[in-house]
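Novice: Questions regarding the structure given below will be posed in turn.
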Amino acid sequence: MRTALLQSSGRPGSTVENLKVLDEAAGRAAAAGAGLLVAPEMFLTGYAIGHDIGRLAEPADGDCADAAAETATRHGLAIAYGYPERAGDAVFNSAQLISADGTRLANYRKTHLFGCFERDHFTAGDQPVVQAELGGLRVGILICYDVEFPENVRAHALAGTDLLVVPTAQMHPFQFVAESMIPVRAFENQMYVAYVNRVGREGEFEFVGLSTLAGPDGVARTRAGRAEELVLADIDPAFLAASREANPYLRDRRPGLYGPLV
């Protein structure tokens, strides 16, 4: 399955403009043969927008979800995107996966909030593994800081995730995560990892770009630079199966020894 990574910060504060950016990217991705488009963390609203997070937050089945579903259907590809989700009085930093026919397949709430900014504006989710079947692959979702905890990615590996999509707002000076950690996560857990970042300065943050899709061999199939761009790479189920057969990490685990870790 060809996967498109939309590296963009969109238009912070405007869901209308961000949906237009998403639609334009979906058209380009579909024309290039992509079956999945992944957008960054908090893409529909912007990340560093302060109390507007609460104002712009919507339910998982809200108007923005309907608009994203219409975009997916019109262009004939699945879309994963980050947004602030309102559920009662709580607001979650969430990511949603919508199929090419407009069906809402999965919704994930970020479980590990980063820094005072996120803890001030969001409630942490409590479901570590969220998955959906898409194009013959088991697709899982994490968000940004979540992937930096090896336990999270290993939980996905044990649950059979083939492609882990990670909408991200990775900021300076932590670019080593995109450059080094993501390929290692893919290798040690024998999966593909699509890490899709914001880019440029936004409020007090400087997002570093460097979006990447890494394979189970630890090699980046594509890597963006430091500007807005759309990059593509292929997910190869046959290569994934062969890599898992050759790599013994999951088979050689000794869970009985790991109790002290928790």
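The values are calculated or read from the model by the stated rules, or taken from the named source; none is laboratory data. Bear in mind the structure is a predicted one, so any value in this text is a computation, not a measurement. Ideal geometry is used to build each Cβ from the backbone, glycine not excepted, and the neighbour counts take in all protein chains shown. The accessibility values were calculated without ligands, DNA or RNA, using every heavy atom of the protein model including side chains. Shrake-Rupley method; radii C 1.70, N 1.55, O 1.52, S 1.80 Å.
Novice: Can you tell me which residue among Leu22, Leu37 is in contact with a Phe, Trp or Tyr (Cβ under 9 Å, 6 or more places away or on another chain) and under 16 Å from Val193 (Cα atoms)? Steps first, answer last, please.
Specialist: Details: Leu22 fails: under 16 Å from Val193 (Cα atoms).
After applying the criteria, what remains is Leu37.
Novice: Yes or no: segment 2-12 includes at least one residue that is of a type outside the set (Val, Ile, Thr), part of a helix (DSSP H, G or I) and open to solvent by 10 Å² or more (accessible area, probe 1.4 Å).
Specialist: Taking every residue of segment 2-12 in turn, none turns out to be of a type outside the set (Val, Ile, Thr), part of a helix (DSSP H, G or I) and open to solvent by 10 Å² or more (accessible area, probe 1.4 Å).
Novice: Can you pull out the strands (runs of 3 or more DSSP E) entirely within segment 90-190 that have at least 1 residues that are in contact with a helix residue (DSSP H, G or I) (Cβ under 7 Å, 6 or more places away or on another chain)?
Specialist: Per the criteria, 90-98, 104-109, 137-141, 163-167.
Novice: Right, something else. Looking at Asp66, is it charged (D, E, K, R), farther than 22 Å from Asp126 by Cβ, surrounded by fewer than 24 Cβ atoms within 10 Å (Cβ to Cβ) and touching a residue at least 12 places away in the same chain (Cβ under 8 Å)?
Specialist: When the stated conditions are applied, Asp66 does not pass them.
Novice: For segment 219-260, enumerate the residues that are in a loop (DSSP other than H, G, I, E, B), farther than 21 Å from Glu24 by Cα and within 18 Å of the chain's Cα centre (by Cα).
Specialist: The initial filter retains those residues of segment 219-260 that are in a loop (DSSP other than H, G, I, E, B), namely 219, 224-228, 235-236, 247-254, 258.
With farther than 21 Å from Glu24 by Cα added as a condition, the list becomes 219, 235-236, 247-254, 258.
The one that is in a loop (DSSP other than H, G, I, E, B), farther than 21 Å from Glu24 by Cα and within 18 Å of the chain's Cα centre (by Cα): Ile235.
Novice: Next question. From Leu230, Leu261, grab the single residue that is over 29 Å from Ala124 (Cα atoms) and surrounded by fewer than 22 Cβ atoms within 10 Å (Cβ to Cβ).
Specialist: Residue meeting the stated conditions: Leu230.
Novice: Please go through segment 209-219 and pick out each residue that is open to solvent by 10 Å² or more (accessible area, probe 1.4 Å), over 20 Å from His172 (Cβ atoms) and not charged (D, E, K, R).
Specialist: Gly218, Val219
Novice: If you don't mind, there's one more thing I want to ask. Considering each residue of segment 30-86, count those that are of a type outside the set (Phe, Trp, Tyr) and in a loop (DSSP other than H, G, I, E, B), and give that number.
Specialist: The qualifying residues number 22.
Novice: Gln170 versus (1) open to solvent by less than 10 Å² (accessible area, probe 1.4 Å); (2) under 27 Å from Ala100 (Cα atoms); (3) under 14 Å from the mean Cα position of the chain (by Cα): which is the lone unmet condition?
Specialist: Here Gln170 meets the rest and fails (2).
Novice: Checking the structure you have, find out if any residue of segment 17-25 is surrounded by 24 or more Cβ atoms within 10 Å (Cβ to Cβ) and assigned to a loop (DSSP other than H, G, I, E, B).
Specialist: Looking through segment 17-25, none of the residues is surrounded by 24 or more Cβ atoms within 10 Å (Cβ to Cβ) and assigned to a loop (DSSP other than H, G, I, E, B).
Novice: Related question: Can you find a residue that is out of contact with any Gly (no Cβ under 9 Å at 6 or more places or on another chain), of a type in the set (A, V, I, L, M, F, W, C) and open to solvent by 30 Å² or more (accessible area, probe 1.4 Å) anywhere in segment 89-105?
Specialist: Yes, segment 89-105 has at least one match.
Novice: Could we say that Gly203 is at pLDDT below 95 and small (Gly, Ala, Ser) here?
Specialist: When the stated conditions are applied, Gly203 passes them.
Novice: Collect the residues in segment 194-208 that are outside any strand (DSSP E or B), of a type outside the set (D, E, K, R) and surrounded by fewer than 22 Cβ atoms within 10 Å (Cβ to Cβ), keeping them in residue-number order.
Specialist: Gly203
Novice: Going by the structure shown, is Glu179 over 16 Å from Ala157 (Cα atoms), free of Cβ contacts under 8 Å to residues at least 60 places away in the same chain and not polar (S, T, N, Q)?
Specialist: yes
Novice: Now, a different point. Among residues belonging to segment 108-120 that are modelled with pLDDT of 95 or more and open to solvent by less than 40 Å² (accessible area, probe 1.4 Å), point out the one that is farthest from the chain's Cα centre (by Cα).
Specialist: Per the stated criteria, the residue is Glu118.
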